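None of the figures in this text is laboratory data; all of them are computed from the coordinates on show. No experiment lies behind these values; they were computed from the predicted model shown. Every residue, glycine among them, receives a Cβ derived from its backbone with ideal geometry; neighbour counts consider all protein chains shown.
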Amino acid sequence: MNVIAIAAHPDDIEILCAGTLALYAQNGHHVTMAVFTDGSMGDAAIKPDELREIRRKETEASAAVIGASLIWGGVLDEHVFPDAAQRKRMIDILREADPDIIITHSPGDYHPDHRYVGQLVFDAYFQKGLPFIPNQDLPACRFAKAQVYLMDNLGGIGFNPTEYVDISGVFDTKKKMLSCHKSQVEAMRDLANTDVMNMIELQSGFRGLAAGCKYAEAFCRLDAYQRGLTSRILP
Ligand SMILES: [Zn+2]
């Protein structure tokens, strides 16, 4: 299967679903990590042009840990909107990955970039397989009925998971991937007084408590027309 996780910022995927991606990779599936923005606004001291390059390299290092392909969306950080230009970009991202499974942000997320990325994924979903959509850079991919999973949010606020993935066996891989984002580990500590390594320990541990294992990641399946499932496809 082709699996894609699409998140707004470098490090979102690592915090919220990297363990699940690691399991998919371990099971021989092709994994793509798509980061929609350039992450250039994520520091109070490092200028955007410099930070953009740092964050791209950090994300490349993280993807390499599990052998995932990386798609860099290149949209300006903090400027995600569900407009025509960004929908075009999202359609091409989905076409490049040709996914069977899509993991993205949920509508109740705290960050507008997260919410709009989730909206754009939903809006681009049908267009990816339609060959006559004008102005796209890539040809249509399969008109597959890709299953969409909405991932947990930071702190799990208002998110009621319907499915869990036991990531106990790959939690060290998740930590290794997040630690690639050195600039954000430091920025979150300085700007938000938050230890992100501890955050994933707590949140994965809490989700694990609910699921009956040591560490888990939590999801809601997006139910929509012709996307009913007859078997589980999460690891
Ligand atoms: Zn984010």
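Near Lys174, which lysines are there with a Cα under 17 Å away, not counting those fewer than 8 places off in the same chain?
Those lysines meeting the cut-off are Lys182, Lys214.
What FRET efficiency comes out for the pair Met1/Lys182, r = Cβ-Cβ distance, R0 = 30 Å, nearest 0.05?
For R0 = 30 Å, the calculated efficiency reads 0.40.
Tell me the net charge near Ile167. Cut-off is 14 Å between Cβ atoms, Ile167 excluded, with +1 for each Lys or Arg and -1 for each Asp or Glu.
That sum, taken over residues with Cβ under 14 Å, equals -2.
Using only the Cα atoms of the chain, build the gyration tensor, take square roots of its eigenvalues as a ≥ b ≥ c, and label the shape rounded, prolate or oblate: rounded if a/c is under 1.5, else prolate if a/b is larger than b/c, else oblate.
Cα axes put the chain in the oblate bin.
Would you mind calculating the relative contact order of the chain from Cα pairs under 8 angstrom and at least 6 residues apart, reporting the percent as a whole number?
Relative contact order of the chain: 24 percent.
For a Förster distance of 25 Å, can you work out the FRET efficiency between the beta-carbons of Ser168 and Ala224, rounded to the nearest 0.05?
After rounding to 0.05, the efficiency reads 0.20.
Can you give the helix-only mean residue ellipticity at 222 nm for the chain, where every DSSP H stretch with n ≥ 4 adds -39500 (n - 2.57) and the sum goes over all residues, rounded to the nearest 500 deg cm²/dmol?
Mean residue ellipticity at 222 nm (helix-derived): -13500 deg cm²/dmol.
Using packing as a proxy for protection, rank 217-224, 139-146 so that the peptide with the highest average count of other Cβ atoms within 10 Å comes first.
Averaged packing, sorted descending, gives the order 217-224, 139-146.
Under 5 Å between amide H atoms, partner at least 5 residues away or on a different chain: which partners does Tyr149 have, H built in plane at 1.01 Å?
Those lying under 5 Å, H to H, from Tyr149 are Ile102, Ile103, Thr104, Leu222.
Kindly write out, for region 40-54 in residue order, the coupling ³J(HN,Hα) from the Karplus curve 6.51 cos²θ - 1.76 cosθ + 1.60 (θ = phi - 60°), rounded to whole Hz, with x marking Gly and Pro.
6, 9, x, 8, 8, 10, 6, 5, x, 4, 6, 5, 3, 5, 4
Could you give each residue of region 103-113 its phi-based ³J(HN,Hα) in whole Hz, using Karplus coefficients 6.51, -1.76, 1.60 with θ = phi - 60°, and x for Gly or Pro?
10, 8, 6, 9, x, x, 5, 6, 9, x, 4
Quick one: grab the alpha carbon gyration tensor of region 22-62, order the square roots of its eigenvalues as a ≥ b ≥ c, and give me rounded if a/c is under 1.5, else prolate or oblate depending on whether a/b is larger than b/c.
Prolate, because a/c is 1.5 or more and a/b exceeds b/c.
Compute the length gained on full extension between Glu60 and Leu76: take 0.36 nm times their separation in residues and subtract their Cα-Cα distance, giving the result in nm to one decimal.
Extending this stretch completely gives an extra 3.9 nm.
What ³J(HN,Hα) values, in whole Hz, does the Karplus curve 6.51 cos²θ - 1.76 cosθ + 1.60 give for region 19-24 when θ = phi - 60°, with x put for Gly and Pro?
Values, residue by residue: x, 5, 5, 4, 5, 4 Hz.
Over region 129-234, what number does the Rg to Rh ratio reach, with both radii from the alpha-carbon atoms and Rh per Kirkwood?
1.08
With contacts defined as alpha carbon pairs under 8 Å and 6 or more residues apart, what's the relative contact order of region 1-97 in percent?
Contact order relative to length: 31 percent.
Once the other residues with Cβ under 11 Å from the Cβ of His105 are scored (Lys, Arg +1; Asp, Glu -1), what is the net sum?
That works out to -3.
Just subtract the alpha-carbon distance of Asn198 and Ile157 from 0.36 nm times their residue separation and send over the number in nm, one decimal.
Difference between extended and current length: 13.0 nm.
Which peptide among 11-23, 27-39 comes first, and what is the full order, when sorted by highest mean count of other Cβ atoms within 10 Å?
Result, highest mean first: 11-23, 27-39.
How much of the DSSP bridge set in the chain is antiparallel, in percent, rounded to the nearest 5?
So the antiparallel bridges amount to about 25 percent of the total.
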